[in-house]
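So the structure is just underneath, and the comments pick up after that.
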Amino acid sequence: MSDDLLKKVISHAKEYGFIFPSSEIYDGLSATYDYGQNGSELKNNIKKYWWKSMVQMHENIVGIDASIFMHPTTWKASGHVDAFNDPLIDNKDSKKRYRADVLIEEHVEKIRGKINKEVAKGFKRFGDDFDETEFRKTNPNVLRNVAKIEEIEQKFKDSLGKDDLPAVKELIEELGIACPVSGSKNWTDVRQFNLMFSTEMGSVAEGANTIYLRPETAQGIFVNFLNVQKTGRMKIPFGIAQIGKAFRNEIIARQFIFRMREFEQMEMQFFIKPGTQKEWFEYWKKTRINWHNALGLGEENYRFHDHLKLAHYADAATDIEFNFPMGFKELEGVHSRTDFDLKAHEEHSGKKLQYFDPQDNKSYVPYVIETSIGLDRMFLAILSNSLKEETLEDGSSRTVLTLPAALAPTKAVIMPLTKKDGLPEKAMEVMNELKYDFNCQYDEKDSPGKRYRRQDALGTPYCIMIDHQTLEDNTVTIRDRDTMKQDRVSITELNAIIAEKVSFKTLLK
Ligand code: ATP
């Protein structure tokens with residue numbers, strides 16, 4: 001069912017110019033994708049929504065655009081050279097490669113499914129009198145499974161913490177996890193694999209240097225901490241935001257744009273006084289979930305998942321998970337990174353990266369709360385959530401993308417009813433007026449019904465039809481994507497009607 005939905009999303013994305021496989025004429029390159037004419041518009045609008053809400057709406061947050069290449073010592077300091085690894089394991093029969101942590105997580109998810117089934121049975125049995133909290137606290141089957149999950153997660157955390165890879169393999173065997181492809185439990189040992197791409201800078205004659213393609217945008221912010229603080233005269237607490245490409249040589253890159261080897265991140269590092277990290281962590285969790293909820297994709301489609309195994313830099317971390325076609329998966333991370341990064345860069349560079357606090361009259365290395373969201377994952381969340389197949393009153397059906405209007409690639413399509421009688425000229429006139437404020441398109445091909453359907457599938461909020469009456473009284477019909485209702489309005493009203501619907505202000509407020 002959900003596999004079907006993902007397939008539908010992929011084929012819709014291709015058919016309507018949102019996403020193409022990269023270098024498709026050469027049969028594509030694994031886990032890389034190109035955004036097409038509509039995809040790049042949608043992607044830019046998501047960026048705009050993030051940038052406006054993080055930078056424009058916060059007077060103490062500024063944005064930068066750092067380079068992808070950085071001095072190689074950056075990645076030594078950040079811990080990526082030594083610790084940016086995934087534990088991988090191969091199935092000897094299918095020759096398929098997996099991430100050991102993902103195999104274990106999926107197993108745990110199955111047990112969670114059993115718990116939910118038990119709860120659903122309780123609901124059925126007791127009806128309105130059902131007390132779910134009490135049931136979860138007392139039902140022996142639920143309790144047994146909860147204990148099982150805790151034991152697995154603890155074991156896994158302990159093994160990875162000690163870098164005890166044989167113990168991770170033992171856990172996989174103990175749980176009886178089989179390869180989904182071959183069905184066998186014939187596993188290799190678990191190994192660590194570094195996810196950074198490397199390349200060489202300069203010609204070999206010059207003595208080339210190995211450098212890395214950044215695996216996260218955050219380090220470009222840390223190394224510029226003092227530059228921005230001093231030149232922007234920033235006072236703590238303050239944040240630095242950035243949108244940019246990141247690269248990871250993912251072991252398994254499946255599930256469309258969910259896991260790519262080249263992707264884009266929208267990250268913000270918020271510099272705070274040490275000791276205040278708990279409050280700010282909570283603040284950013286709340287602020288970020290509000291940002292998501294404002295889009296109207298459904299609050300039930302988000303959940304927090306606190307990290308058990310903390311990354312080498314964090315003292316608290318949570319994922320905001322989204323209900324993708326493949327189930328709930330990480331969309332965004334909120335991390336309390338302590339002073340790990342700035343301290344490490346101080347040590348490796350020999351430069352002080354401290355803030356002088358005028359109130360306390362002393363200097364310190366700030367603590368950091370990070371919010372980090374994958375732009376492509378956000379794109380997938382929005383696209384998959386918006387793609388709908390609707391049955392209409394007359395029994396026919398339509399495919400519609402109910403994108404949040406502010407994010408829609410095209411805001412309005414201007415259509416002449418026919419290609420003659422001066423209607424195309426009039427339509428171009430309207431188009432030429434609206435195009436200064438909105439991304440508009442002109443369409444005169446096919447019957448009106450067909451043109452409407454095409455725009456529904458592209459998520460265009462409004463279709464504006466120029467007909468013979470337009471020539472007489474300067475009115476047009478404007479059709480709403482969601483209600484499919486058509487209203488007759490004056491051309492002079494169009495700008496205000498569209499502006500109200502597609503404004504970012506509604507989302508940001
Ligand atoms: P995962 O556990 O799914 O590999 P992660 O915990 O390694 O993700 P972070 O390092 O926290 O991810 O990166 C921040 C965000 O960047 C993630 O929440 C995700 O949205 C995005 N992201 C990370 N890796 C990829 C990828 N390979 N493709 C697309 N987006 C990614």
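The table below lists the values:
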{"quantity": "Residue among Tyr33, Tyr26 that alone is touching a strand residue (DSSP E or B) at 6+ places or on another chain (Cβ under 6 Å) and of a type in the set (Ser, Thr, Tyr)", "calculated": "Tyr33"}
{"quantity": "Matching residues, the range 161-182, being over 10 Å from Ile104 (Cβ atoms) and assigned to a helix (DSSP H, G or I)", "calculated": "Gly161, Leu165, Pro166, Ala167, Lys169, Glu170, Glu173, Glu174"}
{"quantity": "Strands (runs of 3 or more DSSP E) wholly inside the range 418-509 containing at least 2 residues that are of a type in the set (Val, Ile, Thr) and outside the structural domain of Phe18 (by TED's automatic domain parsing)", "calculated": "462-466, 475-480"}
{"quantity": "Qualifying positions in the range 465-509 - among the aliphatic types (A, V, I, L, M) and modelled with pLDDT under 95", "calculated": "Leu507, Leu508"}
{"quantity": "Residue count, the range 361-397 (criterion: small (Gly, Ala, Ser) and within 16 Å of the ligand (Cβ to nearest atom))", "calculated": "4"}
{"quantity": "Which numbered condition Ala314 misses (of (1) more than 14 Å from the ligand (Cβ to nearest atom); (2) in a loop (DSSP other than H, G, I, E, B); (3) surrounded by 15 or more Cβ atoms within 10 Å (Cβ to Cβ); (4) not basic (Lys, Arg))", "calculated": "(1)"}
{"quantity": "Scope the range 258-287; condition near the ligand (Cβ under 9 Å from one of its atoms) and in a loop (DSSP other than H, G, I, E, B); matching residues", "calculated": "Arg259, Met260, Arg261"}
{"quantity": "Pair list, Cβ under 8 Å, 6 or more apart: the range 235-252 residue in the same structural domain as Ile221 (by TED's automatic domain parsing) and without any contact (Cβ under 8 Å) to a residue 40 or more places away in the chain, other residue within 10 Å of the ligand (Cβ to nearest atom) and in a loop (DSSP other than H, G, I, E, B)", "calculated": "Ala246/Pro215; Ala246/Glu216; Ala246/Thr217"}
{"quantity": "Scope the range 317-338; condition within 10 Å of the ligand (Cβ to nearest atom) and of a type outside the set (Phe, Trp, Tyr); matching residues", "calculated": "Ala317, Asp319, Ile320, Glu321, Lys329, Glu330, Leu331, Glu332, Gly333, Val334, His335"}
{"quantity": "Filtered residues of the range 1-17 (kept if assigned to a loop (DSSP other than H, G, I, E, B) and touching a Leu at 6+ places or on another chain (Cβ under 7 Å))", "calculated": "Tyr16"}
{"quantity": "The range 129-153: number of residues that are closer than 30 Å to His312 by Cα and free of Cβ contacts under 8 Å to residues at least 60 places away in the same chain", "calculated": "8"}
{"quantity": "Test: residue in the range 290-297 that is more than 25 Å from Tyr212 (Cβ to Cβ), within 15 Å of the ligand (Cβ to nearest atom) and either part of a strand (DSSP E or B) or at pLDDT 95 or above (or both)", "calculated": "yes"}
{"quantity": "Qualifying residues in the range 13-40 (those that are at pLDDT 95 or above and buried (at least 19 other Cβ atoms within 10 Å of the Cβ)) - the one nearest to Ile289 (Cα to Cα)", "calculated": "Gly39"}
{"quantity": "Lone qualifier among Trp50, Trp75 - being over 30 Å from Leu401 (Cβ atoms) and within 15 Å of the ligand (Cβ to nearest atom)", "calculated": "Trp75"}
{"quantity": "Test: residue in the range 341-360 that is within 16 Å of the ligand (Cβ to nearest atom), in contact with a Lys or Arg (Cβ under 9 Å, 6 or more places away or on another chain) and either within 30 Å of Arg481 (Cα to Cα) or assigned to a strand (DSSP E or B) (or both)", "calculated": "no"}
{"quantity": "Scan of the range 491-509 for residues that are of a type outside the set (Ser, Thr, Tyr) and under 22 Å from the mean Cα position of the chain (by Cα), ordered by number", "calculated": "Val502, Phe504, Lys505, Leu507, Leu508, Lys509"}
{"quantity": "Within the range 348-364, tally of residues that are surrounded by 10 or more Cβ atoms within 10 Å (Cβ to Cβ) and not aliphatic (A, V, I, L, M)", "calculated": "11"}
{"quantity": "Pairs with Cβ under 6 Å, 6+ apart, first in the range 486-509 and under 19 Å from Asn45 (Cβ atoms), second part of a helix (DSSP H, G or I) and of a type outside the set (Ser, Thr, Tyr)", "calculated": "Lys501/Ala405; Val502/Ala405; Val502/Ala406; Phe504/Lys52; Phe504/Ala406; Leu507/Ala406"}
{"quantity": "Residue selected from the range 41-84 under the condition within 26 Å of Ala381 (Cα to Cα) and among the polar types (S, T, N, Q), by the criterion surrounded by the most Cβ atoms within 10 Å (Cβ to Cβ)", "calculated": "Asn45"}
{"quantity": "Test: Ala412 is at pLDDT 95 or above, buried (at least 23 other Cβ atoms within 10 Å of the Cβ) and within 16 Å of the ligand (Cβ to nearest atom)", "calculated": "no"}
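The values are calculated or read from the model by the stated rules, or taken from the named source; none is laboratory data. Just so we're clear, the structure is a prediction, and the values are computed from it rather than from any experiment. Because the Cβ atoms are built from the backbone with ideal geometry, glycine has one as well, and the counts that use them run over all protein chains shown.
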